[in-house]
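Reading through the structure tokens given below for one structure.
The values are calculated or read from the model by the stated rules, or taken from the named source; none is laboratory data. Computed from a prediction, not measured in an experiment: that's the story for all the values here. Methodologically, a virtual Cβ is constructed for each residue, glycine included, from the backbone with ideal geometry; neighbour enumeration extends over all protein chains shown.
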Amino acid sequence: MTENEIFILEDDLTTRAMLRVVLEKAGYQPVFFADGEALIAKARYASPACILLDLCLPGTSGLDVLGQLTNRTYPAPILMVSGQGDIPTAVHALRIGAADFVEKPFSPADLVARIESAGAGLPAQAASPVEYFKQSRGLTRRECEVLDHLIAGSSSKVIARKLGISPRTIEDHRSRILQKAGVKTTAQLSIMAFEGAQPQKDRPAAFRRTVH
């Protein structure tokens, strides 16, 4: 494994330039790939410190690459990057082996922190997303119910109909949940909840790291 190399699947030249500056400043060596096939070919004989995959690309998508790498129990952590706040897609990426899901636009400090966190590994947490947040964030029973629907990708209107309350009340619950979780978006909330759902020993190989 190359300790400071980061493989990056990204076809946008502006984003590439930004990532190069940010990662080199943090001590990493970015290696860029314009298509998924090229990255997979390189990954057959090389393992970087981390891989960043853009979700939406022509041809082989980031999700396709993720699936092929995690099917081979690839040793490096893989982070998905996307400007689309698609909660079901984020959860699906985590289920098939992504270590994290980073939303664009992101701050340089946040991206580097996510990369370092993925490399360090994650501690074991509670058995389910709702239980994790209930235990660690002090959620009420109703907030737990709302959270369950949020991480399933349901809209406020759908949740309101299922729980028999108004969409405005759902939004109030959502705001309080985000505040308690310390995140700004529902996508971030879903990722945090899902990561807390699995004990480390039960995660896909791409998740498992030794905590230093």
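With the requirement that a residue be part of a loop (DSSP other than H, G, I, E, B), surrounded by 15 or more Cβ atoms within 10 Å (Cβ to Cβ) and in contact (Cβ under 8 Å) with a residue 60 or more places away in the chain, what does segment 59-74 give you?
Within segment 59-74, just Y74 meets the criteria.
Of everything in segment 138-164 that's within 25 Å of the chain's Cα centre (by Cα) and either outside the structural domain of T185 (by TED's automatic domain parsing) or β-branched (V, I, T) (or both), which residue is surrounded by the fewest Cβ atoms within 10 Å (Cβ to Cβ)?
Residue satisfying both the conditions and the ranking: V158.
Listed here are the residues, each with its yes/no results for (1) in contact with a Gly (Cβ under 8 Å, 6 or more places away or on another chain); (2) in a loop (DSSP other than H, G, I, E, B); (3) of a type in the set (A, V, I, L, M).
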position	(1), (2), (3)
F7	no, no, no
T15	no, no, no
F32	no, no, no
A38	no, no, yes
Y45	no, yes, no
L57	yes, yes, yes
V81	yes, no, yes
A90	no, no, yes
Single match in F101, F106, F133 (criterion: of a type in the set (A, V, I, L, M, F, W, C), within 16 Å of T185 (Cα to Cα) and at pLDDT below 75):
F133
Condition met for A126 (over 16 Å from the mean Cα position of the chain (by Cα), at pLDDT below 65 and surrounded by 14 or more Cβ atoms within 10 Å (Cβ to Cβ))
yes
Here the qualifying pairs (Cβ atoms under 8 Å; residues six or more apart or on different chains; first in segment 165-186 and surrounded by 12 or more Cβ atoms within 10 Å (Cβ to Cβ); second among the hydroxyl-bearing types (S, T, Y)) come out as P167/S156; I170/S156; E171/S156; R174/S156; R174/T186; L178/T185; L178/T186
Pick out the one residue from L52, L19 that is touching a residue at least 24 places away in the same chain (Cβ under 8 Å) and part of a strand (DSSP E or B).
L52
Does G67 satisfy the criteria of being closer than 14 Å to E10 by Cβ, modelled with pLDDT under 90 and not aromatic (F, W, Y)?
no
Given (1) more than 29 Å from T185 (Cα to Cα); (2) modelled with pLDDT of 90 or more, T73 misses just (2)
